[in-house]
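> Attaching a single structure in structure tokens format; questions to follow.
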Amino acid sequence: MDTDHALSDEELDELDAFLMSETLSEEAMDLSTLDGYFTAIALNPEFILPSQWLPWVWDMDAGEETPAFENVEQAERINGLLLRHYNSVQGMIGEGRFAPLMYTLNQEDGSEFYDAEGWSMGFMLGVSLFQDVWQPIFDEHPEWLAPMMLLGTEEGWEQLEKMHPDHADQRPMIRAAYDSIPELIESIFLHFLPRRDAAAQARVTATLRRAGDKIGRNDLCPCGSGKKFKKCCGAGPTLH
């Protein structure tokens, strides 16, 4: 399975169509929510196995629903697209070129406005699943999470409604919030970087000890990420 290349526009549309299909629960993520969710998971300094994050893609409420794939081929195809998009999000964050994937809403005046609510909901779900990791951010740098909390939580929506009862008046605040997201994601990434590098080094040591000299750099990594060893645990700490 090739998990290294970013999805093309056609593949993103294919994944979006499956996520929005009637075969899935109403609690399944759409593509933008998935992108926000993957962003939070990718920022986590500890490696999270796909088996830990995947159930919540299909069921945002409880992580219990599973899709009814037509056949094994479709299951492999969709899971492959999910892994590739996750790896793409992770790569963009690490390379300092992150951009959230949000649906575009065309306004009456011809301008564009992003629907950041779903993306932020996905991000905050990813945060809530690993609250102990994120609690220091809430305590020390709450401003880094403020836009996602504003746009992706019930408390944030209530705050926005209270401050600006007229929805038209909310737009400047919403736009400022989603415009700030890429810079804040970079701040969170850099904050977690020392811990991430230490965890990566420990993972390399454990993987090599477990695998001995039988694993090649082009083999799949034993950690279960779906990446080649040289692009995962064998990559070592990343320089930035």
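The values are calculated or read from the model by the stated rules, or taken from the named source; none is laboratory data. None of these values were measured; they are calculated from a predicted model. Neighbour counts are summed over all protein chains in view; Cβ atoms, including those assigned to glycine, are modelled from backbone coordinates with ideal geometry. These area figures cover heavy atoms from the full protein model, side chains too; ligands, DNA and RNA do not enter into them. Shrake-Rupley method; radii C 1.70, N 1.55, O 1.52, S 1.80 Å.
> For segment 1-73, count the residues as N, evaluate 2.2 N^0.38 Å, and divide the Cα radius of gyration by that value, please.
Against the compact-globule rule of thumb, the ratio is 1.14.
> Moving to a separate point now. Could you check how much of the accessible area of segment 1-58 is carbon and sulfur, as a whole percent, using a 1.4 Å probe?
49
> Set the Förster distance to 35 Å, then compute FRET efficiency between Ser21 and Arg97 from the Cβ-Cβ distance, nearest 0.05.
0.70
> How do 120-126, 40-46, 195-201 rank on mean C-beta neighbours within 10 Å, highest first?
Ranked by mean Cβ neighbours within 10 Å, highest first: 120-126, 40-46, 195-201.
> Another question, if that's okay. Can you tell me how segment 73-187 classifies by the Cα gyration tensor, rounded, prolate or oblate, using a/c under 1.5 as the rounded cut?
On the way: a/c = 1.86, a/b = 1.28, b/c = 1.45.
Oblate, since a/c reaches 1.5 and b/c is not below a/b.
> Now, a different point. Name the residues whose placed amide hydrogens come within less than 5 Å of the amide hydrogen of Tyr103, ignoring near sequence neighbours (fewer than 5 apart) on the same chain.
So Tyr103 has HN proximity to Asp115.
> Classify segment 20-122 as rounded, prolate or oblate from the Cα gyration tensor: take a ≥ b ≥ c as the square roots of its eigenvalues, call it rounded if a/c is under 1.5, otherwise prolate when a/b beats b/c and oblate if not.
Since a/c reaches 1.5 but b/c is at least a/b, the shape of segment 20-122 is classed as oblate.
> A follow-up question, please. Not counting ligands, DNA or RNA, and with a 1.4 Å probe, what is His191's accessible surface area in Å² rounded to the nearest 10?
70
> Please list Thr66, Thr23, Thr153, Thr39 in order of solvent-accessible area, largest first, computed with a 1.4 Å probe with all protein chains present. Walk me through the numbers on the way to the answer.
Numbers: Thr66 110, Thr23 80, Thr153 25, Thr39 0 Å².
Order by accessible area, largest first: Thr66, Thr23, Thr153, Thr39.
> What FRET efficiency do you get for Leu190 and Gln52 if R0 is 22 Å and r is their Cβ-Cβ distance, rounded to the nearest 0.05?
Once rounded, the FRET efficiency stands at 0.35.
> Okay, moving on. With r as the distance between the Cβ atoms of Val72 and Glu183 and R0 = 35 Å, compute the FRET efficiency 1/(1 + (r/R0)^6) and round to 0.05.
Values: r = 42 Å, r/R0 = 1.21.
With R0 = 35 Å, the Cβ-Cβ based efficiency is 0.25.
> Treat each spin label as a single point 7 Å out from the Cα along the C-beta direction, and report the Gln170 to Glu158 distance in nm.
1.5
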